[in-house]
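Undergrad: Supplied in structure tokens, the structure appears directly below.
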Amino acid sequence: DGEKPLKGRNAIVTSGPTHEPIDPVRYIANRSSGRQGHAIAAALAKLGAEVTLVSGPVAIADPVGVHTVHVERAEEMRDAVLAALPADMAVMVAAVADWRVASAADQKLKKHPGESIPTLALTENPDILKTVGHHTMRPRLVIGFAAETQDVESNARAKLERKGADLIVANDVSPATGIMGGSRNSVRLIRHDGVERWPDLAKEEVAERLAALIAEYFHA
Ligand code: C5P
């Protein structure tokens, strides 16, 4: 089917940040808007894929034609992703928090005059991409993102190996680029056999090009 080359294929996409609770009213988060991940979910659906989008808390709408699962924490995101297996492809775009608070308080932390200031002890979050990349139900195609502020390419290449991905989409998220939360993206595709640099594009265009490349992969 020329119009719907991904018809009959299942895709899992993660998007947005995660919120890691400190107490019932406070959390640790990051600047991810979900725009790139949501655009990829929409672009895959447009090519006929059945898409499960697992999204952290974002201010943008659920893409149409996509099954969106809303989560807050990294552990919830991991559980929702694993529940969506098996799948033909996984595109992990979410900016998952690397750490969570080791023991989040069930009551709001109170400020008492004269008392010491609390210290947050952190613990490591599950690496969802790595889990999926090494899973017995590993999708045929596993794609990760790498948001770096330095040594973009070497960091992305290391990630490709460590996480068991077929492709890493690397971007420079230094504050000056305005990429994190912005509407445009300038990426490099890191594969086992080489690097491809794309021009500065709208996030929707990055998504459409990536979806086209994925469709080619499944038809090669
Ligand atoms: O290690 P780093 O966070 O830079 O890796 C980024 C890639 O790994 C992204 O594709 C992101 O969605 C994924 N990731 C994940 N779970 C984590 C951390 C990152 O799926 N805990």
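Bear in mind that the values in this text are calculations on the coordinates, not laboratory data. Computed from a predicted structure; not experimentally measured. Note: ideal-geometry Cβ built from the backbone for every residue, glycine included; neighbour counts use all protein chains shown.
Undergrad: Rounded to the nearest 500, what is the 222 nm mean residue ellipticity of the chain from helices alone, with -39500 (n - 2.57) per DSSP H run of 4+ residues and division by all residues?
TA: Details: 5 runs with 57 residues, N = 220.
Value at 222 nm, helices only, nearest 500: -8000 deg cm²/dmol.
Undergrad: Quick one: if you stick a label point 7 Å off each Cα along the C-beta vector at residue 124 and residue 108, how many nm between them?
TA: Rounded to a tenth, the inter-label distance reads 3.5 nm.
Undergrad: Here's another thing I want to ask about it. Can you pull out the trypsin sites (Lys or Arg not before Pro) in region 19-97 whose DSSP state is coil and whose Cβ has at most 16 other Cβ atoms within 10 Å?
TA: On the way: sites: 26, 31, 35, 46, 73, 78; in loops: 31, 73.
For trypsin sites (Lys or Arg not before Pro) across region 19-97 that sit outside H, G, I, E and B with at most 16 neighbouring Cβ atoms in 10 Å, the list reads 31.
Undergrad: Something else about it: Can you give me the orientation-averaged projected area of the convex hull built on the Cα atoms of region 148-220, in nm²?
TA: Numbers: hull surface 20.6 nm².
For region 148-220, the mean projected area of the Cα convex hull comes to 5.2 nm².
Undergrad: What FRET efficiency would be calculated for the residue pair residue 136, residue 98, taking the C-beta separation as r and a Förster radius of 25 Å, to the nearest 0.05? Present the calculation step by step, with values, prior to reporting the outcome.
TA: Numbers: r = 25 Å, r/R0 = 1.00.
About 0.50, to the nearest 0.05.
Undergrad: Can you list which of the GluC sites (Glu not before Pro) found in region 111-180 are DSSP loop residues with at most 13 other C-beta atoms within 10 Å?
TA: Working: sites: 115, 124, 148, 153, 161; in loops: 115.
Counting only loop positions with at most 13 other Cβ atoms within 10 Å, the GluC sites (Glu not before Pro) in region 111-180 are 115.
Undergrad: Right, here's the next one. Sequence gap of 8 or more, or different chains, plus Cα separation below 19 Å: how many lysine pairs satisfy both in the chain?
TA: Numbers: 4/46; 7/46; 46/203; 130/159; 130/163.
So the count of such lysine pairs works out to 5.
Undergrad: Moving on to the next point. List, in order, the whole-Hz ³J(HN,Hα) value for each residue of region 55-64 obtained from phi through the Karplus relation with A = 6.51, B = -1.76, C = 1.60 and θ = phi - 60°; use x for Gly and Pro.
TA: 10, x, x, 9, 9, 9, 6, 4, x, 6
Undergrad: Just subtract the alpha-carbon distance of residue 153 and residue 219 from 0.36 nm times their residue separation and send over the number in nm, one decimal. Numbers along the way, then the final one.
TA: Numbers: separation 66, 0.36 × 66 = 23.76 nm, distance 2.80 nm.
Roughly 21.0 nm would be gained on extension.
Undergrad: With charges only on Cβ, +1 for K and R and -1 for D and E, what is the dipole size of region 1-155 about its Cα centre, in debye, rounded to 20?
TA: Numbers: 16 positive and 19 negative charges, 51 e Å.
It comes to approximately 240 debye.
Undergrad: Continuing with this model, one more query. Quick one: length gained pulling residue 201 to residue 83 fully straight, 0.36 nm per residue minus the C-alpha distance?
TA: On the way: separation 118, 0.36 × 118 = 42.48 nm, distance 3.30 nm.
Working it through step by step, the gained length comes to 39.2 nm.
Undergrad: Let me ask something else about it. Which order do the peptides 211-217, 7-13, 102-108 come out in when sorted by mean C-beta neighbours inside 10 angstrom, highest first?
TA: Values: 211-217: 16.9, 7-13: 21.4, 102-108: 11.1.
Listed from highest to lowest mean packing, they are 7-13, 211-217, 102-108.
Undergrad: If you take the C-alpha gyration tensor of the chain, multiply each eigenvalue by 5 and take the square root, what semi-axes do you get, largest first, in whole Å? Don't jump to the answer; show the numbers that get you there.
TA: Numbers: eigenvalues 198, 72, 55 Å².
Rounded to whole Å, the semi-axes are 31, 19, 17.
Undergrad: For a quick size check, give me the Cα extents of region 16-81 along its three principal axes, largest first, whole Å.
TA: Rounded to whole Å, the extents work out to 41, 22, 13 Å.
Undergrad: A further question on this structure: Which distance in Å, rounded to a whole number, links the C-alpha centroids of region 144-182 and region 107-130?
TA: Each part reduced to its Cα centre gives a spacing of 27 Å.
Undergrad: So how many Å³ per residue does the convex hull of the Cα atoms of region 41-109 work out to? Please report the intermediate quantities before stating the final value.
TA: On the way: hull volume 7.9 nm³, N = 69.
Given the Cα convex hull of region 41-109, per-residue volume reads 115 Å³.
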